[in-house]
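The values are calculated or read from the model by the stated rules, or taken from the named source; none is laboratory data. Quick caveat, the model's predicted, so the values are computed rather than measured. Every residue, glycine as well, gets a Cβ built from its backbone with ideal geometry; the counts of neighbours run over all protein chains shown. Side chains are part of the model used for accessible areas, which takes the heavy atoms of the whole protein and leaves out ligands, DNA and RNA. Shrake-Rupley method; radii C 1.70, N 1.55, O 1.52, S 1.80 Å.
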Amino acid sequence: MDNTVLDIKSMYPEEIKAVLKELGEKPFRADQIFSWMHEKLADDYADMTNLSKALREKLENTCPLTSLRMVREEISKVDGTRKYLFALPDNNVIESVWMQYKHGNSVCISSQVGCRMGCRFCASTLEGLVRSLTASEMLEQVYRIQKITGERVSNIVIMGSGEPMENYDNVLRFVRLISSEKGLHISQRNITVSTCGLVPEIRKLAEEDLAITLAISLHAPNDEKRKQMMPVANKYSISELIEACRYYFEKTGRRLTFEYALAKGQNDSPEDAAELAGVLKGLNCHVNLIPINPVRERKYARSEQEAVLAFNKRLEKYGINGTIRREMGSDINGACGQLRKSYLDDSRENKI
Ligand code: SAH
């Protein structure tokens with residue numbers, strides 16, 4: 001074997017077996033190593049006490065374990081929500097969120113460092129895309145948080161920074177590893193992948209035989225308004241997107257979620273609700289209404305509470321199920337990507 005280091009925490013058991021074979025080791029060790037990494041959440045080969053010291057050293061040199069360093073933790077006094085800033089092995093920083101619900105603990109993870117989709121209301125994309133995350137870097141966000149809080153994570157939403165469908169292979173690997181019965185065994189039904197609507201990837205995902213929930217960031221009832229909010233709307237029309245969603249439902253039987261961020265005077269009128277209902281007609285879906293989180297650098301304002309309620313009522317009248325998303329961690333939160341953005345701004349100022 002050459003000197004390249006291998007990302008063993010992103011590997012399926014079969015792939016670990018192949019590595020062990022190359023190292024001249026017994027393949028059955030793969031299951032032990034997998035369980036140490038993904039079930040017992042070991043951070044260090046030194047903890048893997050049923051492996052020989054010689055093997056642990058060999059692994060340390062060839063397959064160093066990916067781990068994240070916590071840079072900041074903010075805990076909400078309102079509802080216990082926690083926001084984390086983690087440093088990756090290359091010192092890029094990402095953010096993740098832990099939320100407590102009646103039905104269990106949920107972690108929101110990032111799939112990329114930054115984002116290049118350019119949505120005009122979002123803070124994650126302000127500095128563009130740096131790079132995609134590996135599967136192990138996505139897993140580590142969950143593992144680290146479970147270790148810090150000491151509480152089991154039962155739900156995962158891939159709704160942090162980044163566009164998961166632009167990091168397709170690593171996101172799928174993440175989903176398969178975290179739902180593996182030899183790992184944390186989080187049910188695929190409790191995993192949600194949120195996309196701004198990359199049509200070819202949605203169609204591809206439909207074929208993967210997964211039981212995850214797909215959430216689509218729609219945010220507008222027609223192409224014209226959507227183009228003002230999301231550059232991706234110039235590439236794919238709403239009708240193409242909805243066709244792909246129908247296909248996803250046909251293939252997987254999984255009900256879709258549509259996210260709709262309400263911005264004052266932009267997409268929150270009763271006419272917008274009626275038009276949205278027309279777009280979603282006949283599709284097995286649920287709409288999450290999110291009063292937009294204002295971002296300093298952006299011009300969008302949050303809809304009035306009254307408008308949000310009226311919007312939801314109007315949808316209901318047309319037979320579309322909607323939920324107004326409860327705001328979590330309002331005292332620490334800010335919008336997606338704001339924690340990282342403020343950290344980057346701070347560290348730049350300190351350099352001057
Ligand atoms: N790129 C993916 C996932 C990350 S964003 C996607 O677009 O779905 C997760 C969700 O938060 C998306 O629905 C996104 O549109 C929404 N979002 C981003 N900034 C927001 C803001 N300022 N207020 C409310 N929702 C926001």
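At a glance:
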{"quantity": "Subset of region 276-298 that is of a type in the set (Gly, Ala, Ser) and either open to solvent by 10 Å² or more (accessible area, probe 1.4 Å) or within 19 Å of Val199 (Cβ to Cβ) (or both) - its residue that is farthest from the ligand (Cβ to nearest atom)", "calculated": "Gly282"}
{"quantity": "Candidates Ala273, Ala301, Ala310, filtered to the one that is more than 15 Å from the ligand (Cβ to nearest atom), within 20 Å of Arg326 (Cα to Cα) and open to solvent by 30 Å² or more (accessible area, probe 1.4 Å)", "calculated": "Ala310"}
{"quantity": "The one condition in (1) more than 16 Å from the ligand (Cβ to nearest atom); (2) farther than 29 Å from Glu207 by Cα; (3) surrounded by fewer than 16 Cβ atoms within 10 Å (Cβ to Cβ) that Arg255 fails to fulfil", "calculated": "(2)"}
{"quantity": "Leading residue by the ranking (most open to solvent (accessible area, probe 1.4 Å)) among those in region 26-57 that are of a type in the set (Lys, Arg) and under 13 Å from Ile16 (Cβ atoms)", "calculated": "Lys26"}
{"quantity": "Residues (within 25 Å of Asn155 (Cα to Cα) and more than 14 Å from the ligand (Cβ to nearest atom)) located in region 89-106", "calculated": "Val93, Trp98, Gln100, Tyr101, Lys102, His103, Gly104, Asn105"}
{"quantity": "Test for Val171: is it touching a Pro at 6+ places or on another chain (Cβ under 8 Å), open to solvent by less than 10 Å² (accessible area, probe 1.4 Å) and at negative phi", "calculated": "yes"}
{"quantity": "Contacts under 9 angstrom Cβ, first residue in region 110-132 being within 7 Å of the ligand (Cβ to nearest atom), partner of a type in the set (Phe, Trp, Tyr), 6 or more apart", "calculated": "Phe121/Tyr300"}
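Here is a yes/no grid of residues against (1) in a loop (DSSP other than H, G, I, E, B); (2) farther than 30 Å from Glu166 by Cβ; (3) touching a helix residue (DSSP H, G or I) at 6+ places or on another chain (Cβ under 7 Å):
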position: Ala42; (1), (2), (3): yes, yes, yes
position: Ala54; (1), (2), (3): no, yes, no
position: Val78; (1), (2), (3): yes, yes, no
position: Lys83; (1), (2), (3): no, no, yes
position: Phe86; (1), (2), (3): no, no, yes
position: Pro89; (1), (2), (3): yes, no, no
position: Ser96; (1), (2), (3): no, no, yes
